[in-house]
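Read-outs throughout are calculated quantities, based only on the coordinates presented, and are distinct from any laboratory measurement. A quick note: this is a predicted structure, and the numbers were derived from the prediction, not measured. As a convention, Cβ positions derive from the backbone with ideal geometry for all residues, glycine included, and neighbour counts pool all protein chains shown.
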Amino acid sequence: MTTATPTSPTMNPSFAEPSPRRASLIAGIGYLIIFLAAIFANFIVLQGMVVDGDAAATVANISDNPGMFRLGLVAFLVVFIADVVVAWALWILFTGVNRELSRLAAWMRVVYTVFLGVGLIFFFSVLQLLSGASWLGAFDQGQIDGQVMLALQAFDAAWLIGLAAFGVHLILLGTLIVRSGVAPRVLGILLGIAGAAYIIDTVAHGVIASYDDYANLFLAMVGIPSVVGELWFTLWLLLRGGKPRTAA
């Protein structure tokens, strides 16, 4: 009489590592989710509610529409989770090009994601400050307004530091693309330029006292290569990534 041997998770085909093509599709879908969630959270919620230099107006905007602010928090949480999935999928996709370089690129994206998660703590702090809890009676309205603004700026600072790690991720990712030969070299170069721009922008925030005077210049320097490069990369992931070289 024979007895069945339990199948370990490592032996179960459902736990098998996805093929490069499937990993590419996972990364591409993840990128689309990140684009949509980040656009809503950053440009519609944050930039729509935060008034630079006016804490009272910012608090009024959030208090008048707390549901929108909470949706922005949820959208950032979606980005937080999706970025980890994308990092994993890209590691699988490019591990055949250079396993250790692909691993390092994935880790740098995870580091960026951790800083985004830390920043979201300050998002929760804003909700606590505006919750109307009894312990808030220790502060007058002006103090609450100031602390809300400080929390939002702390979120920006944490995210900004994380973007330096994201810049390193893009440089490594661009290097892998150039080395792989399965995608246009220009795409890899463009992602590398975007990565360098993220790093320069983070450093500029720290060393240039009058950064606000050059904010539009830095925004263009980061925005143009990153938007074009990452959208192009997303399309490549969805349409061609992971396919045999002859098919690509």
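Observations
- Viscosity 0.890 mPa s, 25 °C: Kirkwood-radius Stokes-Einstein D of segment 136-214 over Cα pairs, µm²/s: 164 µm²/s
- By the beta-carbon count within 10 Å of each Cβ, the least crowded to most crowded order of V207, V45, fewest first, is V207, V45.
- Helix 55-64 and the long axis of the chain differ in direction by around 70°, with both axes built from C-alpha atoms.
- When the Gaussian network model of the chain links Cα atoms closer than 10 Å, the mean-square fluctuations of L136, L160, L104 top out at L136.
- The helix-based estimate of mean residue ellipticity at 222 nm for the chain, built from -39,500 (n - 2.57) per DSSP H run of four or more residues and divided by its residue count, is -25500 deg cm²/dmol to the nearest 500.
- With Cα atoms, 0 to 90° folded angle of helix 66-94 axis to the chain main axis: 20 degrees
- Listed residues L190, L217, L130, most fluctuating in the chain (Gaussian network, C-alpha, under 10 Å): L217
- Nearest-ten-degree value, helix 99-129 long axis tilted from longest Cα axis of the chain: 30 degrees
- Between the alpha-carbon centres of segment 109-165 and segment 80-103 there is a gap of 30 Å.
- For log10 I(q)/I(0) by the Debye sum over Cα atoms at q = 0.10, 0.12 Å⁻¹, calculated from these coordinates, the label among (i) -0.68, -0.79; (ii) -0.57, -0.76; (iii) -0.52, -0.75: (ii)
- Options G119, G146, A196, ranked by Cα towards positive dipole end of segment 19-239, top entry (Cβ charges): A196
- In nm, spacing of pseudo-spin labels at A215 and N65 (7 Å Cα→C-beta vector): 1.9 nm
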